[in-house]
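Worksheet: the structure to be examined is printed underneath.
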Amino acid sequence: MTYEYYRQLIIEKLSGSFAASPSTASKEQVYKATCLVLRDILIAQKQRNNMEIEKKGLKRVYYLCMEFLVGRSLKNNLFNLGLTDDFDKALASIGIDLDELYDYEADPGLGNGGLGRLAACFMDSLATLGYPAMGFSIRYDYGLFRQKIVENMQVELPDLWLPSGEVWMLPRSDKNFKVLLGGYVETHMENGKLRFEQKGAEVVEAMPYDVMISGADGKGVSVLRLWKASAYRSFDMQKFSRGDYFTAMRADSEAELISKVLYPSDDHYEGKQLRLSQQYFLVSASLQSIIKDHIKWYGDLKLLPQKAAIHINDTHPALAIPELMRLLMDEHGFGWDDAWDITVNTIAYTNHTVLSEALEKWDIELVQSRLPRIYMIISEIDRRFTAQMNACGKGGILPSSAILWDRQVRMANLSVIGSHSINGVSELHSNIIKNNVFKDLYSVFPDRFTNVTNGIAHRRWLCQANPELAAFINELIGDGYKLDASELDKLEKFTSDKTALKRLGEIKLDNKKAFAQFIKKETGEEIDPYSRFDVQIKRLHEYKRQLMNVLKIISYYLELKDDPNKSFTPQTFIFGAKAAGGYAHAKRVIMLINCLAKETARDAAIRDKLRVLFVENYNVTLAERLIPASEVSEQISLAGKEASGTSNMKLMMNGAITLGTVDGANVEILERVGRENMFAFGLTASEAQRVWNEVDASALY
Ligand code: 26W
């Protein structure tokens, strides 16, 4: 196809969707028309792939996750489809600069951090590798808050992503489902079988919106299905006509609340009813959709484990286990044992955190009142597990391993007991969950536990984010690494090639200059591209130890104050971090960093040598700008606490050396890159654990 072809498509979209022509259309309309053209191309490709998948009867991957941090899509889709140049020309021919259009797209913040970004990278990877994959999540009206710094402090503003993000979504009004919340369970006998029926429940309608996620070369396409909630048969016209407007609207707004906003916390569960409703809403709608499709294709639900892998990303969608049991038993007539076999063999669970305050536990009363039938099933799973443990003399493990304990439902234990595969996200983390978090359950199910170290979509984080470096790598080793990252090993033969190293230095400097320019344009602040860029970008959390980094910078500051002529490598310390709204300590650290930033900018004796910059509203788009410009990557979590980390991989791949503790995937990175590229320091995870134990023991006296 030539660029004229795409130009024609864009013009037709402008006319068909906006009654506009290139001369009358606003830039925003051109942005939307361009996205719609790409969306059509991806849908057509997906339809072709579907025929192939059905013909071959391939097993499908379903990825359930409360968060998908996909980042902007226009640039990514053009790149993956290999259409950047054609669209650049097509748009130029109607007087539009493609680079300018990119900024019309908001960065959809449908996630908090690592977990959500990992989910998005998986969709790209699965599409590239030709796996038929579908992600399921919630179409939050508002994603993670937009962060503004006012008087050095974080202020949270609503994230308005829909006006520009909605173009990517295809509403599937023919594929909606009902989800029941609350009410009570009635039992009766029917044809000699006990039947369960949930009565008096609030009925929420789940309406799917599909987003196509392209893989490399545009051959594979994954689908991200986002559910929007509304009240089923929402509007009571009779009540409305009687003038009772408030009651008529209330059901609507209560149901809509479910997909209103993403919970902005990634450090502790809050036990809130709305969050539980969100989780069940996601799980129930997704499983109904999976089952309906499976029956359409294969007829027989016994084949589910062969044809579907349902993945629960952390415990947030763990209600998938009792919900699949409910659907199999109550709606499809299976007995307990068969339903349990199908469920366990279909579901797999990834653990992403060992922080005890993040391990979800729901009050039994809440689960019972909100999800009465699900609660019955959970207690039966627990009863059978308990009986089994007692029968084989392992009753002693129940305090740590039972699902129901202390009037709470422990979601992590439910996830382990109801899945055939459980993994951590780095070797160290997978060992910690085996030997610590799930020690007792591991003794019961040793074969279920495995490790899957996280990864990143290097096409986004290297090829797109750092085009100059990617072009140079192409020159050195060809472009095979785009599909197979292990080909990057071929670069090893250039480690002492002076010309190549010089060129790498130039590229880094170009990227630093571009970032400094961007900062100047956005904030008016000037940073020196010739100083060393030392970067810590991640959620603000005590275990990630931004405060320790700040204390180091303060000590440099004091040294320079004492001796302004001290020989010192000029450094710019760059932070990007959002803190959960209620996390007071984390917010104070943000304030400290911003105060320090002001101080280092103000003090003429210091600022040429030492600067601190806090970038507001850190998100995927900002990461794409900053990572290529980074030289030192701060990965300094308390050993044993960071499950994997993924910015460590992105920064290393863009040529930053790591300053890090022996934690998460740093361990495996260190093995690959050697000590010359990573300065590792601090206690190991087991040493840190020993210190904790000593502290705990001494606290007894
Ligand atoms: C219930 C509140 C809540 C919300 C989110 C608790 C925990 C979470 C996530 C599981 C936290 C998270 O994002 N974990 C991160 O997952 C990344 C992807 O595996 C890892 O790289 C990070 O190390 C881990 O902190």
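The values are calculated or read from the model by the stated rules, or taken from the named source; none is laboratory data. Because the structure is predicted, anything quoted here is derived from the model rather than measured. So basically every Cβ, Gly included, is an ideal-geometry build from the backbone, and we count neighbours across all protein chains shown. Surface accessibility is based on the protein's heavy atoms, side chains included, excluding ligands, DNA and RNA. Shrake-Rupley method; radii C 1.70, N 1.55, O 1.52, S 1.80 Å.
Points worth noting:
- One decimal place: the segment Met376-Glu687 gains 107.7 nm when fully extended, by the rule 0.36 nm per residue minus the C-alpha distance.
- Using a probe of 1.4 Å on the protein chains alone, the accessible area found for Ser400 is around 60 Å².
- Sequence-separation-based contact order of the range 458-700, relative, with Cα cut under 8 Å and 6+ spacing, percent: 18
- In the range 119-213, inverting the average of 1/r over every pair of distinct C-alpha atoms gives 17.9 Å as the Kirkwood radius.
- Using the Cβ-Cβ distance between Glu270 and Asp528 with R0 set to 35 Å, the FRET efficiency works out to roughly 0.25.
- Here the chain is treated as a sphere whose radius is the Kirkwood value from Cα pairs; by Stokes-Einstein at 37 °C and 0.692 mPa s it diffuses with a coefficient of 120 µm²/s.
- Accessible area (Å², 1.4 Å probe, nearest 10) - Asp382: 20
- Among beta bridges that DSSP assigns inside the chain, antiparallel share in %, nearest 5: 45
- Stretchable slack from Asn345 to Arg195, in nm (0.36 nm times residue separation minus alpha-carbon distance): 51.5 nm
- Apportionment of accessible area to carbon and sulfur, the range 127-197, percent (1.4 Å): 53
- Straight Cα distances below 22 angstrom link Lys439 to the lysines Lys361, Lys394, Lys641, with same-chain residues fewer than 8 positions distant left out.
- The range 340-436: trypsin sites (Lys or Arg not before Pro) in DSSP loop, at most 15 other beta carbons within 10 Å: Lys394, Arg407
- Modelled FRET efficiency - R0 56 Å, His332 with Glu671, Cβ distances, 0.05 increments: 0.70
- Inter-part distance, the range 386-461 to the range 41-86, computed on C-alpha centroids, equals 32 Å.
- Heavy atoms of His294: accessible area, 1.4 Å probe, square angstrom to 10: 10
- Stretching the chain fully between Phe445 and Leu551 yields a gain of 33.7 nm (0.36 nm per residue, less the alpha carbon separation).
- Estimated vicinal HN-Hα couplings, Hz - the range 140-156 in sequence order (Karplus 6.51, -1.76, 1.60; Gly, Pro = x): 4, 5, 10, x, 4, 3, 7, 9, 10, 9, 10, 6, 6, 10, 6, 10, 9
- Heavy-atom accessible area with a 1.4 Å probe sorts Ser230, Ser93, largest first, into Ser93, Ser230.
- Karplus-derived 3J(HN,Hα), 6.51/-1.76/1.60, for each residue of the range 376-393, Hz, glycine and proline x: 4, 5, 4, 5, 6, 4, 5, 4, 5, 5, 4, 4, 4, 5, 4, 5, 9, x
- Sites Ser21 and Lys56, calculated FRET efficiency, Cβ-Cβ separation with R0 51 Å, nearest 0.05: 0.70
- Couplings for the range 26-35, taken from phi via the Karplus curve 6.51 cos²θ - 1.76 cosθ + 1.60 with θ = phi - 60°, read 7, 4, 5, 5, 5, 4, 5, 4, 4, 4 Hz in order; Gly and Pro are left as x.
- Alpha-carbon centroids, the range 287-337 and the range 601-668: separation in whole Å: 41
- Rounded to the nearest 500, the 222 nm mean residue ellipticity of the chain from helices alone is -13500 deg cm²/dmol, with -39,500 (n - 2.57) taken per DSSP H run of at least 4 residues.
- Rolling a 1.4 Å probe over the heavy atoms of the protein chains gives the chain an accessible area of 43 Å² per residue.
- Prolate/oblate/rounded label for the range 433-580 (Cα gyration tensor, a/c 1.5): oblate
- Nonlocal amide H pairs with Ile574, under 5 Å, H built at 1.01 Å: Asp534, Val535, Gln536, Leu613
- Whole-number Å³ per residue for the convex hull built on Cα positions in the range 458-700: 148
- Average 1/r across all pairs of distinct alpha carbons in the range 569-646, invert it, and you get the Kirkwood radius: 14.3 Å.
- The largest accessible area among Trp227, Trp297 belongs to the first residue in Trp297, Trp227, and the rest follow in falling order (1.4 Å probe, all chains).
- Measure of compaction for the range 485-543 (Cα Rg per 2.2 N^0.38 Å): 1.55
- About its Cα centre, the chain has a charge dipole of approximately 480 debye under the convention of +1 per Lys or Arg Cβ and -1 per Asp or Glu Cβ, with nothing else charged.
- Residue order for Val221, Val695, Val61 - accessible surface, 1.4 angstrom probe, largest first: Val695, Val61, Val221
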